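Bear in mind these aren't lab numbers, they're just calculated from the coordinates by the rules spelled out. Remember, predicted model here, so these are calculated numbers, not experimental data. Cβ: placed from backbone, ideal geometry, glycine included. Neighbour counts: every protein chain shown.
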């Protein structure tokens, strides 16, 4: 019986964490779990996130020189010291074109879909 109660509590906690892109355990770093979907027609070879109130970008979140081919999905888990309300996003494609979006609310984001129609680039957030 104790095992069933424990499993039920664990299931509720996991469902609650899955409802948002952010997760944090007391006393530990916060983490953003996000799937990037590339619908631009061009491969992405760098992807950066930073809290909007910070100045430094740090390293690309694509591991080991990975690229995100067009029509592909790439999952990231990004740990940071404190949950940020808004983030800045920077993307660089294999042809060295870049795009920056400032003050993007990723609090409930599960997917970030990056799109391009031949004239402009934009993103859509799926919760």
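Before moving on, here are some points about what is shown:
- Estimated inter-spin distance, residue 113 and residue 43, nm [label 7 Å along Cα→Cβ]: 2.4 nm
- Bins of 10 Å from zero: percent of alpha-carbon pairs in the range 87-127: 24, 57, 19, 0
- Stokes-Einstein D in µm²/s, Kirkwood radius over Cα pairs - the range 33-111 at 20 °C with 1.002 mPa s viscosity: 165 µm²/s
- The fraction of Cα-Cα pairs per 10 angstrom bin, counted from 0 for the range 59-103, comes to 19, 54, 25, 2 percent, rounded to whole percents.
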